[in-house]
Amino acid sequence: MVGPGRPKFVLFGSSIVQMGYNVGGWSAVLADLYARKADVSLRGYSGWNSRMALQALDRIFPKDAAVQPSLVVVYFGGNDATNPHPSGLGGHVPLPEYVDNMKKIIVHLKSLSDKTRIICLSSPPVNEAKVREFYGKGFDDQARTNEACRLYSEALVELCKELDVEAINLWAACQQRDNWADACLVDGIHLSDEGSKVVVAEILKVLKKVNWEPSLYWLSMPAEFSEDSPYYVVGPDGKTTQNVSDFISARHMQWLDI
């Protein structure tokens, strides 16, 4: 821990999370918005499916940790939804097992503390033509189809309703954007800057609407070291200083009306 102890947000998932700190990535945007308010940590593992996540869950989220996360955003499903490879290898996990794995992950995370909140992200849609353009025929025998991503997304949303956990259907949310197939995905699978904006917007909508105490919505959270100081920039009156601890920059303006 560093400083007086900010809330800890953990983003847990596969490549959609691992790539989240890329320039314009959704994790980077969240870390920027929550500067001085929360520490945003990535636990992203490219190529992982829900089986692999479940196997490592106790090591990544130990129940006896001194500090438990205030928020965990979970994303698994895209690799699970790939077609099964004839060899039996690969990322595919049958839908019933995927749902069961996600249930076990959610139950574990809920057990970490009374104040640990959870948001599950479903798989975004897939631009199958763009996947072929980028990767050729290499993944044809274990293809990720848009229809499979829909099925896994809807199953996750239903599970979250049963478990009283917030869920974001990225498969549906991304497709509300015009020209989503090219605008939201860089290679047909992974999120572009525009796709990342969809994720950030949906997460902020959830954090704004829920009645969690304390609130985890960025505009409702106090800034760290928010007290006034005579060492800040002197204001126009020449007698007082301007407290910039809650300063909202131009790049933040687009997130004010979520």
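Just so you know, all these numbers are worked out from the coordinates, no wet-lab data involved. Please read these numbers as outputs of a predicted model, since none were measured by experiment. As a convention, Cβ positions derive from the backbone with ideal geometry for all residues, glycine included, and neighbour counts pool all protein chains shown.
Our note on the geometry: Cα centres of the range 210-256 and the range 1-62, 24 Å apart.
Counting only DSSP beta bridges with both residues in the range 8-228, tell me the antiparallel percent, nearest 5. Counting DSSP beta bridges with both partners in the range 8-228, the antiparallel share is about 5 percent.
Straight-line reach from Lys110: which aspartates and glutamates have a Cα under 18 Å away, not including same-chain ones fewer than 8 places off? Within the straight-line cut-off, Lys110 pairs with Asp58, Asp64, Asp100, Glu158, Glu162, Asp164, Glu166, Glu213.
In this model, which of Lys37/Lys205; Lys103/Lys137; Lys115/Lys208; Lys63/Lys197; Lys8/Lys239; Lys137/Lys197 are farther than 28 Å apart at the alpha-carbon? Going by Cα-Cα distance, Lys103/Lys137; Lys63/Lys197; Lys8/Lys239; Lys137/Lys197 fall outside the 28 Å limit.
Once backbone amide H atoms are built at 1.01 Å from N, Val10 has Ser41, Leu71, Val72, Val73 as its partners under 5 Å, excluding neighbours fewer than 5 places away on the same chain. Remark: the range 52-66, residue by residue, has Karplus-estimated 3J(HN,Hα) of 5, 4, 5, 5, 9, 4, 5, 6, 7, 10, x, 5, 9, 4, 5 Hz, where x stands for each Gly or Pro and the curve is 6.51 cos²θ - 1.76 cosθ + 1.60 at θ = phi - 60°.
Between Arg177 and Lys209, the contour length at 0.36 nm per residue exceeds the alpha carbon distance by 9.3 nm. Exposed loop sites were defined as trypsin sites (Lys or Arg not before Pro) in DSSP loop states (anything but H, G, I, E or B) carrying at most 13 other C-beta atoms within 10 Å; in the chain the longest segment without such a site runs 138-238. For the chain, the longest principal axis of the alpha carbon atoms and the long axis of helix 193-209 meet at an angle near 70°.
Each helix, a run of at least 4 DSSP H residues, gives -39500 (n - 2.57); summed and divided by the residues of the chain, these come to -10500 deg cm²/dmol at 222 nm. Calculated FRET efficiency, Ala56 and Tyr232, Cβ-Cβ r, R0 41 Å, to nearest 0.05? Calculated value: 0.40. The Rg/Rh ratio of the range 158-258, with Rg taken over Cα atoms and Rh as the Kirkwood radius over Cα pairs, comes to 1.13. Using a simple spin-label model with pseudo-atoms 7 Å out from Cα toward Cβ, Ser46 and Asp141 lie 2.3 nm apart. What the pair-distance distribution of the chain shows, using all Cα-Cα distances binned every 5 Å from zero, is 1, 6, 12, 17, 18, 16, 11, 8, 5, 3, 2, 1, 1, 0, 0 percent.
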